Amino acid sequence: MMPATGALAQIGLLCSVLIATVLWPHAGKPVLLVPLAGAGPSGLRGLADEGFAVTGAGSLPHSLVVYRHDTFSILAVLKQGYLPLAAQTVLCSQNGVRG
């Protein structure tokens, strides 16, 4: 039974790494911020203080698309109450339409 369990664990790890690679935000690219439970106006002010520029609303409810030229701390964004994701075209524009 152990080999099957080990294989499932490896497949799960591989899937996690692939998903993280696609969704990990990169410097100089748009970032989709999905609000977590504690997100509020103070979080937006904190992001502005960190050098993020809001470029518009994302297609997910209450999400924002922001931009920053240099690298940033994902933990700092999480502390402001937002989950940062690499902004895919489908997710970072209203109804999947670029504009």
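What number of residues in segment 1-35 are farther than 17 Å from Ala87 by Cβ and not in a helix (DSSP H, G or I)?
Matching residues across segment 1-35 total 1.
Of the residues in segment 57-84, how many are touching a residue at least 40 places away in the same chain (Cβ under 8 Å) and over 18 Å from His26 (Cα atoms)?
Final tally of qualifying residues: 2.
Residues to consider are Ala39, Ala53, Ala76, Ala87; find the one that is among the hydrophobic types (A, V, I, L, M, F, W, C) and modelled with pLDDT of 85 or more.
So the residue among Ala39, Ala53, Ala76, Ala87 that is among the hydrophobic types (A, V, I, L, M, F, W, C) and modelled with pLDDT of 85 or more is Ala53.
When only residues in segment 4-49 that are without any contact (Cβ under 8 Å) to a residue 60 or more places away in the chain and touching a Ser or Thr at 6+ places or on another chain (Cβ under 8 Å) count, which is least open to solvent (accessible area, probe 1.4 Å)?
Across segment 4-49, the extreme among qualifying residues is Leu33.
Filter segment 36-64 down to the residues that are under 16 Å from Leu78 (Cα atoms), not polar (S, T, N, Q) and not in a loop (DSSP other than H, G, I, E, B) and list them by number.
Once the filter is applied, which keeps residues that are under 16 Å from Leu78 (Cα atoms), not polar (S, T, N, Q) and not in a loop (DSSP other than H, G, I, E, B), segment 36-64 yields Pro41, Gly43, Leu44, Arg45, Gly46, Leu47, Ala48, Asp49, Leu64.
The values are calculated or read from the model by the stated rules, or taken from the named source; none is laboratory data. None of the values given here were measured: they were computed from a predicted structure. Heads up, the Cβs are rebuilt from the backbone with ideal geometry, glycines too, and the neighbour counts pull from every protein chain shown. Ligands, DNA and RNA are stripped out before the accessible areas are found, and what is left, the full protein with its side chains, is counted by its heavy atoms. Shrake-Rupley method; radii C 1.70, N 1.55, O 1.52, S 1.80 Å.
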